[in-house]
Every structure is written in structure tokens, then in C-alpha cells.
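The values are calculated or read from the model by the stated rules, or taken from the named source; none is laboratory data. Owing to the predicted nature of the structure, the values given are computational and were not obtained by experimental measurement. Ideal geometry is used to build each Cβ from the backbone, glycine not excepted, and the neighbour counts take in all protein chains shown. Surface accessibility is based on the protein's heavy atoms, side chains included, excluding ligands, DNA and RNA. Shrake-Rupley method; radii C 1.70, N 1.55, O 1.52, S 1.80 Å.
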Amino acid sequence: MRPIDMHCDTILKLMNDGNKGLYENDLSVDIKKLKKGNSLAQFFAMWVDLKNGQDPLETCLKMIDRFYIELEKNSSYISLATNYEDIKRNDEKGKISAILTIEEGAAIKGELSNLRNFYRLGARSLTLTWNNVNEIGHPNYYEEFRDKGLTDFGFEVVQEMNRLGMLIDVSHLSDKGFYDVARESKKPFIASHSNSRTMKEHPRNLTDPMIRTLSECGGVMGICFERDFLGDSENARIEDMIRHIKHIKNIGGIEVIALGSDYDGSHPNYEIENIGEIEKLAYSLKDKGFTEEEIDKIFYKNALRVIKDVL
């Protein structure tokens, strides 16, 4: 069991508190916890909040700089991975792989050249929208945007990400935008941190037809530990995660399920307090009748397959 977690916001927390570092901190993700959890790879999102009034490109570049500073400081334990071979090579050296992602397509400011430059800096996934309208498309957060999809520029972004070999991330994207991506993308895409809308009515979750479509396209969805996407409890409970996983398996098959914790970017009160305790989910899945092979697929094999296919 070598978890690959497809989403955390830890770098933003480090940006907001200069005294915190990646090796050891009081957050849900750090290197010591990743090592304890036997992590194979961690996706680190550079999340830009447009409501802060900052220049999204400049803000994202500063976050990427901090990401690299932390990798350099901790190079004995963690290294950048930009593809499957890097993950394999890092693992052989006993290192965790760090995958750089951008959460908020506004960071490219309507220019494909900025997308290409982010790729050159090592970014390998882009969440097309967060909760705001941007040059690429519309978010699912507000009901009035759910039937509005990608812009003309958004379709160009999908094509260019396919060409470059980047993971298109549709978490936060409107329902119509999801289907626009499914129709346009020639490669598998991901919903890095989204659950089942049937199990919990929330716009950030995927409907059953979406789950089927994502599965048919060869993509994956990362089970998110945000309590509001899981159920009605004040806590992010394992039993709710398993409820979602069982339903998603029934709808889209085991191959569509991955992990996308949203650690350090979601409400606290997790039953799985941090990435170092991720084995709690594996044990609970086993208790509920999931096989070792199915658990391995959820924990890393499905994500690894998509990484191999796309990057």
C-alpha cells in the first residue's frame, strides 16, 4: 500500500506562516507524516484565490518558488516528479515524489504561453476553475453557472494540455464544463478531489452519469476528505468515505477511484487526522470486504495508471 494523494493545499499554509516548513509541521501533510504513511507521491496544489485581489500569475509563481525552496531543503526525502519514470526513480532512491499542480486556471491569465511556462516549471496538472468564473470556464459552486461550460479559450487549453501531457482536473468545474472536457480531451482526465453527488448532494461532487463518463474516459476521481462533501457529520468520517467508495465502485467500477484528501485546504476534524494515518482507510476497506487488489487500486494503482497514460 503506497498512497498517492492527488490534492493538498499545504504549500498555501506554508506561505501564510513563514515559520512552518515541509519537513515537520502541525498541518496534515509534512514529510515525516508522508514517510509514516508510506506515501509514494503527493500532489501539491498551488491554489490562487481570485477574491484576494492579487495578480493570479504572480501569486502562483511565488507559491511555486516556495514549493521548490521546500524541495531543495528536503532533497534527501522528497523530489519533483513530472512523469511515471520520475516516480519510479524517486522510489528506487527511497524518496517521496512531489507532483506540482495549479488550482485555478485564472493563473494563466488567458494566455497559452503562461500554461506552457508553468509546464516548463514542472506543473503537471491544472484545475481549470476554482469557485470563480475565469477565462477558461465556469465553476460549479453557483447554480447559475452549472449549465455554462468551457469558453472558446477553455477548449484551446484542453487541447494544449493534451499536447503537452498535463492532467486536466475538473474538480470545481461546472457540470457542462465537465462534459465539454469529456468530449474534447483525447486523454484521460481527473477530478482530483470530488465525491459522489448521489451520496451527498453537493455541487462539488460528481453525478452518477459523470462518474460513468469519467470511468469510460479512463480517468479517476480522488475521494475527498472534506466533511461537507462526505455527509452530514461535523467530522470527516471513514464510514462516509467508504459509503462513497462503494457507490462509486458500483457506478463506475473500482478503476475510477483514487485518493484526493484536500488536506490543509478543507475543514478540520478528520477521523484520518493526517496523511500519516492513511492506513486507517485501508484497514476499514478491508473490514468492509474490499480485496487487497481493490485497495491497491484505490490507493495508488489507478492514479499511477493515469499518470503513465497522460504525463
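Can you confirm whether the range 273-285 contains a residue that is over 17 Å from the mean Cα position of the chain (by Cα), assigned to a loop (DSSP other than H, G, I, E, B) and closer than 18 Å to PRO3 by Cβ? Break it down stepwise before answering.
Step one: filter the range 273-285 for residues over 17 Å from the mean Cα position of the chain (by Cα), giving 273, 276-277, 279-285.
Going one step further and asking which of them are assigned to a loop (DSSP other than H, G, I, E, B), we end up with 273.
Filter once more, so that each one left must be closer than 18 Å to PRO3 by Cβ: 273.
For the range 273-285, residues over 17 Å from the mean Cα position of the chain (by Cα), assigned to a loop (DSSP other than H, G, I, E, B) and closer than 18 Å to PRO3 by Cβ: present.
When the range 48-90 is examined, which residues are found to be without any contact (Cβ under 8 Å) to a residue 40 or more places away in the chain and in a strand (DSSP E or B)?
SER79
Say whether the condition of being among the basic types (Lys, Arg) and surrounded by 18 or more Cβ atoms within 10 Å (Cβ to Cβ) is met by at least one residue in the range 281-290.
For the range 281-290, residues among the basic types (Lys, Arg) and surrounded by 18 or more Cβ atoms within 10 Å (Cβ to Cβ): absent.
Can you tell me which residue in the range 169-195 is farthest from MET241 (Cα to Cα), limited to those that are surrounded by fewer than 24 Cβ atoms within 10 Å (Cβ to Cβ) and either touching a strand residue (DSSP E or B) at 6+ places or on another chain (Cβ under 7 Å) or of a type in the set (A, V, I, L, M, F, W, C) (or both)?
This residue is SER185.
So, GLY149, is that one free of Cβ contacts under 8 Å to residues at least 40 places away in the same chain, of a type in the set (Gly, Ala, Ser) and in contact with a strand residue (DSSP E or B) (Cβ under 9 Å, 6 or more places away or on another chain) or not?
yes
Residue by residue through the range 218-230, note down the ones that are surrounded by fewer than 18 Cβ atoms within 10 Å (Cβ to Cβ) and part of a loop (DSSP other than H, G, I, E, B).
Hit for the range 218-230 is GLY218, nothing else.
State the number of residues belonging to the range 91-145 that are outside any loop (DSSP other than H, G, I, E, B), of a type in the set (A, V, I, L, M) and within 23 Å of ILE69 (Cα to Cα).
So the answer is 10.
Among the listed residues GLU239, GLU255, GLU294, which satisfies the condition of being of a type in the set (D, E, K, R), open to solvent by less than 60 Å² (accessible area, probe 1.4 Å) and in a helix (DSSP H, G or I)?
Just a single option satisfies the conditions, and that option is GLU294.
Inspect the range 261-272 for any residue being open to solvent by 10 Å² or more (accessible area, probe 1.4 Å) and assigned to a helix (DSSP H, G or I) and give the result as yes or no.
no
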